[in-house]
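Remarks on the structure that follows.
The values are calculated or read from the model by the stated rules, or taken from the named source; none is laboratory data. Here the structure is a predicted model, which is why all the values come from computation and not from measurement. A quick note on method: Cβ atoms are made from the backbone with ideal geometry, for glycine too, and the neighbour counts reach across all protein chains shown.
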Amino acid sequence: MTPTHLQGLALDTVYANMKDRNVADSTTALAAAHVIIAGAGGLGSNVAIALARIGVGELTLIDFDSVELSNLNRQQYKLSQVGMPKVTALKQNLQEFNPFVTVHAVIAKITPANVADLFAGATVICEAFDDPAAKAMLLDTLSGVYPQVPLVMATGMAGVHSANTIVTKRVREHLYIAGDGTSTGAEGLMAPRVMIAAGHEANMVTRLILGQSTI
Amino acid sequence: MISVNGESVANQAGQTILALLTQRHAPIDNLVVELNGQIIHRPAFATTTLHTDDRVELISFVGGGR
């Protein structure tokens with residue numbers, strides 16, 4: 001059942017007030033967008049929360065993994081969600097932050113064979129994997145099947161190095177890569193720096209939705 | 001000469017992309033290859049031959065996001 005009121009207020013009043021501080025003339029375009037996020041870990045969970053809060057209308061979350069205790073130092077899950085599929089837990093969290101977003105939770109491992117199906121209909125695609133080979137596979141495959149859909153990726157956000165080494169680069173016409181480009185997960189991964197890279201990705205996704213293709 | 005990530009590299013004309021990557025000890029699984037602005041899909045690394053004045057860009061990834 002769809003509620004007619006939230007927190008004692010009519011739904012349209014809640015919606016309008018939640019968008020009150022959005023950038024002028026952004027809300028309609030954001031609500032019409034569909035962002036597909038590959039991976040729901042440190043990057044993906046933070047990107048998804050940022051995009052849900054500003055009101056991206058449709059989010060698809062794809063991940064095969066479940067929440068583990070070791071995720072909680074950087075990924076946007078709760079202790080009570082350990083053991084749940086990540087995309088199920090993230091959908092639950094997103095709907096608590098903003099019930100006006102349509103969230104599709106897809107439990108799947110992304111392979112070259114299912115990329116065309118999984119990423120159909122995206123306004124912008126956001127890569128949020130940990131495995132560098134999976135990142136390369138996704139770019140390789142998407143460049144063949146959806147070459148005109150903007151793709152925002154990340155590489156290098158580990159450790160406690162300076163925040164200021166994380167940048168967004170435009171690598172090809174429709175390809176953007178955020179990160180420091182060098183730090184690997186081996187040295188440890190922590191919320192602050194992972195969130196910076198996720199923030200870069202989420203902001204680039206937002207700019208692309210709003211028609212701003214420069215970095 | 002060809003260019004690899006903006007640096008001039010000699011004696012590569014006639015070699016395949018796979019040979020270039022192997023010679024550079026590049027982590028092949030973790031990168032995507034652009035040749036003169038076009039992405040070369042992985043299965044074609046062994047069959048795509050480099051020519052003088054080609055521009056190769058290696059788009060490399062490190063781990064850590066998920």
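Just give me the residues in the range A:36-58 being away from every other protein chain (no Cβ under 14 Å) and among the hydrophobic types (A, V, I, L, M, F, W, C), in sequence order. Listed by number, the residues that qualify are A:I36, A:I49, A:A50, A:L51, A:A52, A:I54, A:V56. Determine if the range B:45-54 includes at least one residue that is within 13 Å of B:V4 (Cβ to Cβ), touching a residue at least 12 places away in the same chain (Cβ under 8 Å), at the interface with another protein chain (Cβ under 7 Å from one of its Cβ atoms) and of a type in the set (A, V, I, L, M, F, W, C). Within the range B:45-54, not a single residue is within 13 Å of B:V4 (Cβ to Cβ), touching a residue at least 12 places away in the same chain (Cβ under 8 Å), at the interface with another protein chain (Cβ under 7 Å from one of its Cβ atoms) and of a type in the set (A, V, I, L, M, F, W, C). Quick one: would you say B:N30 is under 30 Å from A:A128 (Cβ atoms), over 10 Å from the mean Cα position of the chain (by Cα) and either in contact (Cβ under 8 Å) with a residue 24 or more places away in the chain or surrounded by fewer than 13 Cβ atoms within 10 Å (Cβ to Cβ) (or both)? Here the answer is yes, as B:N30 does meet what is asked. Only one entry of A:V35, A:V67, A:V56, A:V82 meets the criterion of being at pLDDT 95 or above, buried (at least 24 other Cβ atoms within 10 Å of the Cβ) and over 20 Å from A:H200 (Cα atoms), and that entry is A:V67.
Looking across the range A:73-95, the residues that are among the hydroxyl-bearing types (S, T, Y) and either in contact with a Pro (Cβ under 6 Å, 6 or more places away or on another chain) or closer than 22 Å to A:E58 by Cα (or both) come down to A:Y77, A:T88.
Looking only at the range A:62-91, residues that are within 12 Å of another protein chain (Cβ to nearest Cβ) and assigned to a strand (DSSP E or B) come to 2 in all. If the condition is being under 21 Å from A:M190 (Cα atoms), surrounded by 15 or more Cβ atoms within 10 Å (Cβ to Cβ) and polar (S, T, N, Q), then the range A:113-162 contributes only A:T155.
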